[in-house]
1. In the stretch 162-181, is there at least one residue being within 18 Å of Tyr47 (Cβ to Cβ) and hydroxyl-bearing (Ser, Thr, Tyr)?
2. Specify the residue that is modelled with the lowest pLDDT; the eligible residues are those in the stretch 39-58 that are in a loop (DSSP other than H, G, I, E, B) and in contact with a helix residue (DSSP H, G or I) (Cβ under 9 Å, 6 or more places away or on another chain).
3. Being among the charged types (D, E, K, R) and outside any helix (DSSP H, G or I) is the filter here, so list the residues in the stretch 82-121 that pass it.
4. Among Glu232, Glu249, which is open to solvent by 50 Å² or more (accessible area, probe 1.4 Å), closer than 29 Å to Arg311 by Cβ and either over 42 Å from the mean Cα position of the chain (by Cα) or modelled with pLDDT of 90 or more (or both)?
5. Out of everything in the stretch 256-296 that is modelled with pLDDT of 90 or more and in contact with an Asp or Glu (Cβ under 6 Å, 6 or more places away or on another chain), what residue ends up being nearest to Gln346 (Cα to Cα)?
6. Which of the residues belonging to the stretch 287-311 are farther than 30 Å from Asp353 by Cα and surrounded by 14 or more Cβ atoms within 10 Å (Cβ to Cβ)?
7. Going by the structure shown, is Thr352 modelled with pLDDT of 90 or more, under 19 Å from Val233 (Cα atoms) and either open to solvent by less than 50 Å² (accessible area, probe 1.4 Å) or in contact with a Leu (Cβ under 6 Å, 6 or more places away or on another chain) (or both)?
Amino acid sequence: MSRDQVPGDDVAFDPLNEDELAGLGLEPATLPVLPLGDEPTRTTAPYLFPTERYRGEWRRHVIRLVRGLCLIAVYTGLLITLAVQRIKPEYTTLVVTLIAVGALLLAAHRAAHWWFSRFVLTNRRLMLIEGVLTRRVAMMPLLRVTDMSYFQTPAGRVLDFGDFHVESAGWRSPLRRIADLPHPNELYLRIVEEMYEPEAVEARLGASVAGAVQEALYGPPLVNYDGWIAVEVSDENGPVSVSPRRRFELHPARTYRVMITIAPYPIRGVSEPLVVTGGVTDDRVRFEVEIDSDQAALRRTAVAVPAWHDRASSTEFTLGPFSEDDALSDSPWLWVRVAQGRRTLQSIELETDLATGDGEHG
């Protein structure tokens, strides 16, 4: 292997051409409504038949739980007040304790009922799954729906919840009114689209699959960054001099610290620009930094380095001391690599001159 060759460069991959990429349908698509659900939960899955296509499920808005708990608290307070006023003092403590325990059990049941209840949408029907100790499953075929509307109170508009009213011809169902559903506008569009434009839903689902294929092939989208990466080497005695040709002396008996810094401005040490464009914008950028080498003893696995656009971030690797079993050859090479989302963005090469002797400074 030559000094200018990076390990792994001998493995060739034929890049996909434009026609092949177009055939995969990897063009991004605009999602006009809520994203499609991934997989049904264990609460919903038993009630779906194999050929049914799951579209999503939603809990009632948390306001429904809050209202129920508030009612329990009010009635508990009233019962405790009556118990204190009307029951003999010797029985008051017992009765108050029983009321409090009963209220806690009722509140726990109400919370569990809210947690396990689901409003479910598939390509064939609407479903409402409710209950903890007893379970009730109500459904309405989409083909039977003749009219649908939703209603929001002022509080519902502020907190983003509403009540759905579903009408059907010759079909009486508990789904005529479903109260306290979250994101009613987006949910209304989702249901209407499923009823009148099922092909659009399938097309969006296909685009989502294509996006997953793209991420599997190329990794997640990059985050933009404009800065520098710098490498500094030091040992027990302080900084180690690195020549303009990026060479330094490596004594096997010493311990070396390799400090790698990512910053939005030029910094000391051996540095290179680190620029990412054409990606997404985020306040925080996650890089992976590793040390590779033509010598196994000098390699270090990648670590995550969070970087910001207004301050520097650093990580440190330790090299040495090296034993005879490490079998370092003359002039080992180091490659400090920076990657993001499995894609290498920048690499800094350093060459070492392997010293002989006890490793003490002359």
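The values are calculated or read from the model by the stated rules, or taken from the named source; none is laboratory data. It should be emphasised that the depicted structure is a prediction, and the values quoted were computed from it without experimental measurement. Here the Cβ positions follow ideal geometry from the backbone for every residue, glycine too, while neighbour counts run over all protein chains shown. Heads up: the accessible areas ignore ligands, DNA and RNA and are worked out on the full protein's heavy atoms, side chains in. Shrake-Rupley method; radii C 1.70, N 1.55, O 1.52, S 1.80 Å.
1. The answer is yes; a qualifying residue exists.
2. Filtering the stretch 39-58 for residues that are in a loop (DSSP other than H, G, I, E, B) and in contact with a helix residue (DSSP H, G or I) (Cβ under 9 Å, 6 or more places away or on another chain), the one modelled with the lowest pLDDT comes out as Glu39.
3. Answer for the stretch 82-121, where residues must be among the charged types (D, E, K, R) and outside any helix (DSSP H, G or I): Lys88, Arg118.
4. Answer to the selection: Glu232.
5. Top of the filtered list is Val275.
6. Ala307, Trp308, His309
7. So Thr352 fits the description; yes.
The rows are residues; the columns are (1) of a type outside the set (S, T, N, Q); (2) over 30 Å from His183 (Cβ atoms).
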position	(1), (2)
Trp58	yes, no
Val62	yes, no
Gly68	yes, no
Ile72	yes, no
Tyr75	yes, yes
Leu79	yes, yes
Pro89	yes, yes
Thr97	no, yes
Gly102	yes, yes
